[in-house]
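Here's the structure, in structure tokens; my notes come after.
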């Protein structure tokens, strides 16, 4: 069964620190992996999309990496800010017309 | 562009009632989809469409109907609401396909079925 896992479910980090969020998936034959941000009571905002042929993508303070052989992706956030507090969701496309989502990591940046 | 819009934002139904959740996008996207989000579970695909006149079932389609008569609109119909359909519903769209495109999500509809 194709599954996506995000551990830990919650993470608290002091402001200014660099941090890494983890995503693992059970099938290495993926088409793409997407990281989203979700604020409480809001929709999902796309952060980064990594295609199967890519190893990483960067946007500002965010860097996402992809290692298909180990079934892992990481989202690196540099110099964290209180505004980064949100739930971060990882979603994988395994070659069909849907995304398989993890349950997310709730990130709190402590001022 | 307004992006992906959803109405209503909140809805309360009684068991057995029917209703339609509206979704529209103004980006001329071919691919549209509906997901539901439940506590402790990842978002799950209900139905999707790869273009006007074409729809298909996702992971959890039972109790829901969709149609795609225009590129812009993709309504989700609950035929006879059940408490198990209490959830937050998200509509998403992308230019062509979920295999390669960034997915853009709407703000969601929070549905409670009593």
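The values are calculated or read from the model by the stated rules, or taken from the named source; none is laboratory data. This one's a predicted model, so the numbers in the text were calculated from it and none came from an experiment. Here Cβ is always computed from backbone atoms with ideal geometry, including for glycine, and neighbour counts include all displayed protein chains.
For the range A:1-27, the set of residues classified as in a strand (DSSP E or B), within 14 Å of chain B (Cβ to nearest Cβ) and surrounded by 12 or more Cβ atoms within 10 Å (Cβ to Cβ) consists of A:4, A:5, A:23, A:24, A:25, listed by residue number. Selection over the range A:28-45 of residues that are more than 23 Å from residue A:59 (Cβ to Cβ) and either touching a strand residue (DSSP E or B) at 6+ places or on another chain (Cβ under 8 Å) or within 11 Å of chain B (Cβ to nearest Cβ) (or both) gives a count of 1.
Selection over the range A:46-62 of residues that are part of a loop (DSSP other than H, G, I, E, B) and either within 12 Å of chain B (Cβ to nearest Cβ) or crowded, with 19+ Cβ neighbours inside 10 Å (or both) gives a count of 3. Of all residues in the range A:85-104, those being over 14 Å from residue B:44 (Cβ atoms), assigned to a strand (DSSP E or B) and within 12 Å of chain B (Cβ to nearest Cβ) number 3.
The set of residues from the range B:44-72 being closer than 23 Å to residue B:13 by Cα and either modelled with pLDDT under 95 or outside any loop (DSSP other than H, G, I, E, B) (or both) comprises B:44, B:45, B:46, B:47, B:64, B:65, B:66. Counting the residues of the range A:1-24 that are touching a residue at least 60 places away in the same chain (Cβ under 8 Å) and more than 13 Å from residue A:89 (Cα to Cα) gives 11. Could you run through the range B:59-94 and say how many residues are within 14 Å of chain A (Cβ to nearest Cβ) and farther than 18 Å from residue B:106 by Cα? Of the residues in the range B:59-94, 3 are within 14 Å of chain A (Cβ to nearest Cβ) and farther than 18 Å from residue B:106 by Cα.
Output yes when any residue across the range B:11-28 is over 15 Å from residue A:44 (Cα atoms) and modelled with pLDDT under 95, and no when none is. No, there is no match, as no residue in the range B:11-28 is over 15 Å from residue A:44 (Cα atoms) and modelled with pLDDT under 95.
Taken over the range B:72-114, the criterion of being under 12 Å from the mean Cα position of the chain (by Cα) and without any contact (Cβ under 8 Å) to a residue 24 or more places away in the chain is satisfied by no residue.
Considering (1) more than 14 Å from the chain's Cα centre (by Cα); (2) crowded, with 20+ Cβ neighbours inside 10 Å, the lone condition that residue A:93 does not fulfil carries the number (1).
Does residue B:97 satisfy the criteria of being touching a strand residue (DSSP E or B) at 6+ places or on another chain (Cβ under 9 Å), over 20 Å from residue A:37 (Cα atoms) and within 14 Å of chain A (Cβ to nearest Cβ)?
yes
Taking the range A:63-84 on its own, how many of its residues are outside any loop (DSSP other than H, G, I, E, B) and either more than 14 Å from chain B (Cβ to nearest Cβ) or in contact with a helix residue (DSSP H, G or I) (Cβ under 6 Å, 6 or more places away or on another chain) (or both)?
Total meeting the criteria: 13.
So which residues in the range B:9-26 are assigned to a loop (DSSP other than H, G, I, E, B) and either at positive phi or within 12 Å of the chain's Cα centre (by Cα) (or both), if there are any at all? If the condition is that a residue be assigned to a loop (DSSP other than H, G, I, E, B) and either at positive phi or within 12 Å of the chain's Cα centre (by Cα) (or both), then B:16 is the only one that fits.
In the range B:27-43, the residue that is farthest from residue B:3 (Cα to Cα) out of those that are part of a loop (DSSP other than H, G, I, E, B) and at the interface with chain A (Cβ under 8 Å from one of its Cβ atoms) is B:40.
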